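Here is the structure we will look at.
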Amino acid sequence: MHKLFLSIFLVCFIQLNQLFSQEPLDTFQNKFSCKLWRFGSIAAGSAISLTWLSYEWYKPYSTGKFHFFNDGNEWGGMDKLGHTFSTYYISRFLEEFLLPCYYSEEKVKVRKLSAFIPWGYMLVIETMDGFSSGWGFSLYDLAANTAGTFLYISNAHLYGFSLKFSYKNSSMASLRPEIFGKNLAENILKDYNGQVYWIGYSPFKENAKFSFVSFCLGYSIENYYTSHKDQYTLNQIYLAPDIQWTKIKTHKKWLLQTFKILDIIKLPFPSLLIQNGKYFLSFSGYE
């Protein structure tokens with residue numbers, strides 16, 4: 001959960017810096033100044049978040065010898081999807097933040113930088129986990145972070161592809177509020193039973209009339225009272241339509257930024273739910 005929280009912090013930090021930053025003139029001096037300011041902001045944001053993590057999150061646990069932790073079979077893989085999702089979106093917003101500091105022919109360089117900086121950041125956190133008695137270095141987390149990096153780099157060649165997130169009502173939240181959260185904001189961050197991760201694709205061409213329409217495949221879990229599967233736990237697959245907001249053309253900067261945020265969220269359209277080999281039609285989008 002702490003990694004998802006830090007991911008949200010970094011995305012908000014990058015967006016605020018971008019909102020109040022001016023577009024640099026196309027000269028070497030201005031590009032260089034832009035790099036100093038924006039890379040400095042990234043370093044400051046990373047330092048602040050890692051310092052907070054060190055003093056607040058790891059404080060109750062002792063620090064000892066570096067060790068590994070096998071959590072590959074926990075929470076039905078939901079936490080690993082969270083890692084992939086977080087790494088992907090930090091990379092996306094970081095590229096938009098850094099792009100004005102480079103010339104147009106350097107786009108590939110910017111994309112690679114934007115992909116590997118978050119990967120390195122998450123590796124530092126994973127290493128801190130490795131020295132904490134409360135956790136350990138997870139190779140599965142590392143693989144999930146790498147998947148997010150790979151997806152982001154590959155997305156340059158995959159038009160119409162998207163990753164999205166949504167939250168559904170969870171019966172587990174009220175049963176273990178100390179684990180799954182005591183209010184809606186905490187539930188969204190902590191309760192894997194309520195989280196849904198989606199992968200979407202639009203089959204329409206870029207300039208087509210309905211290029212903003214996409215179709216999504218979602219995954220979630222249900223009835224996980226603890227991190228391990230038992231006879232009551234369920235894995236759920238969803239199929240549903242959606243909107244890719246950034247495919248809607250606009251010349252208004254504030255609206256474009258709004259669309260970029262909305263593009264992270266999966267709207268609750270009617271969906272087909274597949275659970276235990278049975279099919280259900282959910283008119284609320286997900287239940």
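Read-outs: derived from the displayed coordinates by stated rules, not from any lab. In this text the structure is predicted, and so the values were computed from the model without any measurement. Please note: Cβ atoms are built from the backbone with ideal geometry, for glycine as well, and neighbour counts cover all protein chains shown.
Please work out how much length the chain gains when fully extended from Phe161 to Lys249, using 0.36 nm per residue of separation minus the C-alpha to C-alpha distance, in nm with one decimal. Before the final figure, lay out each step's value.
On the way: separation 88, 0.36 × 88 = 31.68 nm, distance 1.73 nm.
Between Phe161 and Lys249, full extension yields 30.0 nm more.
Loop-resident trypsin sites (Lys or Arg not before Pro) (DSSP state other than H, G, I, E or B) in region 238-287 with no more than 12 further Cβ atoms inside 10 Å of their Cβ: Lys249, Lys252. Once the chain is represented by equal point scatterers at the alpha-carbon sites, with solvent omitted, what log10 I(q)/I(0) does the Debye formula produce at q = 0.07, 0.12, 0.14, 0.16 Å⁻¹? The calculated log intensity ratios at q = 0.07, 0.12, 0.14, 0.16 Å⁻¹ are -0.29, -0.85, -1.14, -1.42.
For Val124, Val213, Val196, Val110, the sequence from fewest to most other C-beta atoms within 10 Å is Val124, Val213, Val110, Val196.
In summary, the lysines within cross-link reach of Lys112, defined as a Cα separation below 29 angstrom excluding same-chain residues under 8 places away, comprise Lys3, Lys31, Lys35, Lys80, Lys164, Lys205, Lys247, Lys249, Lys252, Lys253, Lys260, Lys266.
Counting other beta carbons within 10 Å of each residue's own, what order do Leu139, Leu94 fall into, fewest first? Provide the component values of the computation, followed by the final result.
Values: Leu139 14, Leu94 25.
Least crowded to most crowded, the residues run Leu139, Leu94.
Relative to the Cα centre, the charge distribution of the chain, modelled as +1 at Lys and Arg Cβ and -1 at Asp and Glu Cβ, gives a dipole magnitude of about 700 debye.
Nearest 500 deg cm²/dmol is fine: what mean residue ellipticity at 222 nm does the chain get from its DSSP H runs of n ≥ 4 alone, each adding -39,500 (n - 2.57), divided by its residue count? Write down the numbers at each step before the final one.
Working: 8 runs with 125 residues, N = 287.
Value at 222 nm, helices only, nearest 500: -14500 deg cm²/dmol.
Using a Gaussian network model of the chain in which every pair of alpha carbons under 10 angstrom is joined by a spring, one finds that among Ser62, Ser202, Ser114 the greatest mean-square fluctuation is at Ser62.
Under Stokes-Einstein, with the Kirkwood radius over Cα pairs as Rh, the value for region 128-192 at 25 °C and 0.890 mPa s is 166 µm²/s. Taking Asn145, Asn187, Asn73 as the candidate residues, the one with maximal mean-square fluctuation in a Gaussian network model of the chain, Cα springs under 10 Å, is Asn73. Both numbers refer to the Cα atoms of region 138-287; Rg and Dmax are 17.0, 53 Å. Expressed to the nearest 5 percent, the antiparallel share of DSSP beta bridges inside the chain is 95 percent.
Comparing Ile199, Ile274, Ile265 in a Gaussian network model of the chain (Cα springs below 10 Å), the most mobile by mean-square fluctuation is Ile274. Taking amide H as placed 1.01 Å from N in the peptide plane, the amide H of Ile265 sits under 5 Å from that of Phe165, each at least 5 places away or on another chain. In this label model, Asn235 and Ser54 are separated by 4.0 nm, measuring between points 7 Å along each Cα→Cβ vector.
Nearest 20 debye, what's the magnitude of the dipole of region 65-192 about its Cα centre given +1 on Lys and Arg Cβ and -1 on Asp and Glu Cβ? Present the calculation step by step, with values, prior to reporting the outcome.
Working: 12 positive and 13 negative charges, 43 e Å.
It works out to roughly 200 debye.
Quick note on region 23-104: its Rg to Rh ratio, both from C-alpha atoms and Rh being the Kirkwood radius, is 1.14.
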